[in-house]
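Visitor: There's a structure below that I have some questions on.
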């Protein structure tokens, strides 16, 4: 029987006294809401609603950490939408961190009661070394405020325990399908809104007046250098086009793995997976992001090759892998054909941008400069700093430093380079970079061993795409820009998916044993 990792449910008494108190509370709440409406203070009204919704979510998480993980994923994806319409209110931005901590409390309380399964991280030693070095760097004398250090610890390490939550979440194939089906629905909603925004323009999903910190991030256009065609870079529900672009990269990888798993394992849910692929393909095209275009194209080639390599040839099921590729290409092709038919100008502007700036034959191609020269130039700039051997301290040039300056009045550091490894040198020094590289390799090798061990099984497509996502985020994407790792959407997905990956071998073994036992019991003459 499945054990539910939860704390005891909250029960409310039905005594007349408490009922009367609750009635008075509702009357007071109704009065406050009426006053806010009369005064026209919509922001305060929305914030009040979010507070009550947050309290309800906290109770739900404490009652059931599994439900809490789904709620956290949903909030992580849609948090920025509330921020945009509430003047970039940072109380909303930190809500996900509070919900994450509540989730940890609920999960580890269940773990103490032995209601959830645990495991030993294969890369625990390099992880603890990197965290330990990060803690020391909080007190780097070159940092002008300890708040920079606390920011760095949050963005770098807060979501790491989600690996244990992800591991315990999946106890059966049904749990696995449920999680990835939920993600497919969330992906289609967020990406679908982004596609609509790419057509309708920045007035859709953006308030009339945007706060200064995010105004430029939400109103970016890209121009094709030869034809002069303009394309809006959509943000969807996020505050920046960059975050939406990063989201599309992880979505494409996960959706391909989910489709491969379903075709090898079960029929139910396949239509959802293929529709999700089609939506992501359109969203990637309409994002006007060269990074999304290049990463998703490259990831597709690697994943297709891996699926063919890991196909269950001995069982005669390899034709299903070929079917995955055929159906994926067909669905994506039809989706792009529909977009081209109904919105030819919007599609043409994106294609012009990709062709004129990425094609090696184009006189305005930036492919070599953006992928090789520019990152390398910024890496070398990091060594021009006087403190390159030991850095300025963790968090001093991390994602979100502008809020430490604005809200906590910390003296601005005005440091940083546009290269991920250079970023680590500026913050943590050369030793910090070495520790990060060791940790990245350790995680990638551990993930690869799990994926390789599942070769020839229906779980291989999912295992491989999780390994590949971890590898690309931790090494090439973090080399280009460390903010890719610090992006809370990519970071949260990384640790949750790694937890699921390390659970897959036992899940596969238990599932095969259960199905074998059921098959034997169903044979004639068996007791």
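Here's the yes/no breakdown for (1) surrounded by fewer than 17 Cβ atoms within 10 Å (Cβ to Cβ); (2) assigned by TED's automatic domain parsing to the domain that holds residue 461; (3) closer than 27 Å to residue 394 by Cα:
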| site | (1), (2), (3) |
| --- | --- |
| 153 | no, yes, yes |
| 182 | yes, no, no |
| 188 | no, no, no |
| 192 | yes, no, no |
| 214 | no, no, yes |
| 225 | yes, no, no |
| 228 | yes, no, no |
| 232 | no, no, no |
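This table checks each residue for (1) in contact with a strand residue (DSSP E or B) (Cβ under 9 Å, 6 or more places away or on another chain); (2) more than 21 Å from residue 90 (Cα to Cα); (3) free of Cβ contacts under 8 Å to residues at least 40 places away in the same chain; (4) assigned by TED's automatic domain parsing to the domain that holds residue 143.
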| site | (1), (2), (3), (4) |
| --- | --- |
| 360 | no, yes, yes, no |
| 382 | no, yes, no, yes |
| 388 | no, yes, no, yes |
| 398 | no, no, no, yes |
| 403 | no, no, no, yes |
| 407 | no, no, no, yes |
| 416 | no, yes, yes, yes |
| 419 | no, yes, no, yes |
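Visitor: Any idea which residue in the stretch 365-384 is modelled with the highest pLDDT, counting only those that are closer than 17 Å to residue 298 by Cβ and assigned to a helix (DSSP H, G or I)?
Guide: Ranking the qualifying residues of the stretch 365-384, first place goes to 375.
Visitor: Taking the stated definitions as given, is residue 440 modelled with pLDDT of 95 or more, surrounded by fewer than 20 Cβ atoms within 10 Å (Cβ to Cβ) and under 23 Å from the mean Cα position of the chain (by Cα)?
Guide: Values: modelled with pLDDT of 95 or more: yes; surrounded by fewer than 20 Cβ atoms within 10 Å (Cβ to Cβ): no; under 23 Å from the mean Cα position of the chain (by Cα): yes.
Criteria not met by residue 440.
Visitor: I've got another one for you. I'd like the full set of residues that are touching a residue at least 12 places away in the same chain (Cβ under 8 Å) and either under 14 Å from residue 182 (Cα atoms) or in a loop (DSSP other than H, G, I, E, B) (or both), limited to the stretch 259-273.
Guide: Selection gives 259, 266, 268, 269, 272, 273.
Visitor: Does residue 139 fit the bill of being assigned to a helix (DSSP H, G or I), under 29 Å from residue 404 (Cβ atoms) and more than 19 Å from the chain's Cα centre (by Cα)? Talk me through it step by step, then tell me what you get.
Guide: Values: assigned to a helix (DSSP H, G or I): no; under 29 Å from residue 404 (Cβ atoms): yes; more than 19 Å from the chain's Cα centre (by Cα): yes.
Answer is no for this residue.
Visitor: If only one of 147, 139 is touching a helix residue (DSSP H, G or I) at 6+ places or on another chain (Cβ under 6 Å), farther than 25 Å from residue 108 by Cα and surrounded by fewer than 21 Cβ atoms within 10 Å (Cβ to Cβ), which one is it? Please lay out each step first, then the result.
Guide: On the way: 139 fails: touching a helix residue (DSSP H, G or I) at 6+ places or on another chain (Cβ under 6 Å).
Going through 147, 139 in turn, just one is touching a helix residue (DSSP H, G or I) at 6+ places or on another chain (Cβ under 6 Å), farther than 25 Å from residue 108 by Cα and surrounded by fewer than 21 Cβ atoms within 10 Å (Cβ to Cβ): 147.
Visitor: Let me ask another. Test residue 120 against the stated conditions and say whether it is out of contact with any strand residue (DSSP E or B) (no Cβ under 7 Å at 6 or more places or on another chain), within 29 Å of residue 61 (Cα to Cα) and assigned to a loop (DSSP other than H, G, I, E, B). Before you say what the answer is, go through the steps one by one.
Guide: Values: out of contact with any strand residue (DSSP E or B) (no Cβ under 7 Å at 6 or more places or on another chain): yes; within 29 Å of residue 61 (Cα to Cα): yes; assigned to a loop (DSSP other than H, G, I, E, B): yes.
Yes; evaluated as a whole, the condition is true for this residue.
Visitor: Only one residue in 428, 407 is buried (at least 21 other Cβ atoms within 10 Å of the Cβ) and either over 24 Å from the mean Cα position of the chain (by Cα) or assigned to a helix (DSSP H, G or I) (or both). Which one?
Guide: Values: 407 fails: buried (at least 21 other Cβ atoms within 10 Å of the Cβ).
Just a single option satisfies the conditions, and that option is 428.
Visitor: Now, a different point. Considering every residue within the stretch 474-492, establish whether at least one is surrounded by fewer than 23 Cβ atoms within 10 Å (Cβ to Cβ), over 21 Å from the mean Cα position of the chain (by Cα) and not assigned by TED's automatic domain parsing to the domain that holds residue 249.
Guide: Checked the stretch 474-492: no residue is surrounded by fewer than 23 Cβ atoms within 10 Å (Cβ to Cβ), over 21 Å from the mean Cα position of the chain (by Cα) and not assigned by TED's automatic domain parsing to the domain that holds residue 249.
Visitor: Which one of the conditions (1) over 30 Å from residue 458 (Cα atoms); (2) modelled with pLDDT under 95 does residue 157 fail to meet, given that it meets all the rest?
Guide: Looking at each condition in turn, residue 157 falls short on (2).
Visitor: Could you please find all residues in the stretch 71-89 being touching a helix residue (DSSP H, G or I) at 6+ places or on another chain (Cβ under 6 Å) and either surrounded by fewer than 18 Cβ atoms within 10 Å (Cβ to Cβ) or part of a helix (DSSP H, G or I) (or both)?
Guide: Of everything in the stretch 71-89, those that are touching a helix residue (DSSP H, G or I) at 6+ places or on another chain (Cβ under 6 Å) and either surrounded by fewer than 18 Cβ atoms within 10 Å (Cβ to Cβ) or part of a helix (DSSP H, G or I) (or both) turn out to be 71, 72, 75, 76, 77, 79, 82, 83.
Visitor: While we're here: I need the full set of residues from the stretch 350-375 which are surrounded by 14 or more Cβ atoms within 10 Å (Cβ to Cβ) and under 28 Å from the mean Cα position of the chain (by Cα), in order please. Spell out the reasoning first.
Guide: Here is the first cut: in the stretch 350-375, the ones surrounded by 14 or more Cβ atoms within 10 Å (Cβ to Cβ) are 350-358, 362, 365-367, 370-371, 374-375.
350, 351, 353, 354, 357, 358, 366, 367, 370, 371, 374, 375 - these are the residues of the stretch 350-375 that are surrounded by 14 or more Cβ atoms within 10 Å (Cβ to Cβ) and under 28 Å from the mean Cα position of the chain (by Cα).
The values are calculated or read from the model by the stated rules, or taken from the named source; none is laboratory data. Predicted model, so just to flag it, every value in this text is computed and none were measured. Cβ coordinates were reconstructed from backbone atoms using ideal geometry, including for glycine residues, and neighbour counts include every protein chain displayed.
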